[in-house]
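Each reported figure results from applying straightforward, stated rules to the coordinates on display, with no laboratory input. Small disclaimer: the values here were computed from a predicted structure and weren't measured. Here the Cβ positions follow ideal geometry from the backbone for every residue, glycine too, while neighbour counts run over all protein chains shown.
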Amino acid sequence: MGTICIAPELKRKGYGKILLDYSLEKAKELGCGAVCFEGNIDFYGKSGFKQASEFGIRYHGLPEGEDASFFLCKELIPGYLNGITGEYAPSAGYLVNEKEAEAFDREFPYMEKKKLPGQIFEGDIL
């Protein structure tokens with residue numbers, strides 16, 4: 001599942017919660033027992049998400065003990081993850097080749113790249 005994004009002028013009106021609840025209900029209807037993704041625990045924690053490490057699920061490629069507080073999980077069926085441990089790896093389509101992304105960006109009018117409040121990853125934007 002991907003994170004939810006709401007236009008700035010529509011934030012704090014409950015739309016994110018509506019989208020989240022709808023998505024989780026559809027996932028459960030489709031037979032998903034649990035959902036894992038990257039997100040902000042301050043938002044998703046209110047809907048029952050926990051750090052995936054609490055379920056014994058690690059984020060692929062992250063060294064043991066490294067901060068993975070961004071990697072969240074929620075059981076849609078209580079007890080679904082009992083006795084299950086493992087490592088989550090995002091699909092190849094989720095990963096971006098930086099050089100290809102830069103070439104793609106150059107096809108559009110210039111826009112300043114910046115980090116906005118609420119983005120969870122720290123670090124410089126090139």
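Peptides 91-103, 39-51, 6-18 ranked from most to least packed, by the mean per-residue count of other Cβ atoms within 10 Å: 39-51, 6-18, 91-103. Remark on residue 58: its backbone amide H falls under 5 Å from those of 86, 87, 88, a criterion applied only to residues 5 or more positions apart or on other chains, H modelled at 1.01 Å from N.
Working out 0.36 nm times the residue gap between residue 26 and residue 10, then minus their Cα-Cα distance, what length gain in nm do you get to one decimal?
Working: separation 16, 0.36 × 16 = 5.76 nm, distance 2.32 nm.
Stretched out fully, the residue 26 to residue 10 stretch lengthens by 3.4 nm.
Residue 11: which aspartates and glutamates have alpha carbons under 19 Å from its alpha carbon, excluding same-chain residues fewer than 8 sequence positions away? Filter leaves 21, 42. With a Förster radius of 22 Å applied to the C-beta separation of residue 98 and residue 60, the computed FRET efficiency comes to 0.75.
Cross-link partners among lysines for residue 74, C-alpha distance below 19 Å, same-chain residues fewer than 8 apart left out? Qualifying lysines at Cα under 19 Å: 17, 26, 28, 46, 50.
If both residues of a DSSP beta bridge must be in the chain, then about 70% of such bridges are antiparallel. What base-10 log of the normalised intensity I(q)/I(0) is obtained for the chain from the Debye formula, alpha carbons as equal point scatterers, at q = 0.09, 0.14 Å⁻¹? For the requested q values the scattering log ratios are -0.33, -0.78. Hey, what angle do you get for helix 15-29 against the long axis of the chain, alpha-carbon based, 0 to 90 degrees rounded to 10? The answer is roughly 50 degrees. Simple point charges give the picture: +1 on the Cβ of Lys and Arg, -1 on the Cβ of Asp and Glu, and for the chain a dipole about the Cα centre of about 580 debye.
Any idea what the relative contact order of the chain is, in percent, if you count C-alpha pairs under 8 Å spaced at least 6 apart? Walk me through the numbers on the way to the answer.
On the way: 107 pairs, mean separation 29.3, N = 126.
Averaging sequence separation for qualifying contacts and normalising by length gives 23 percent for the chain.
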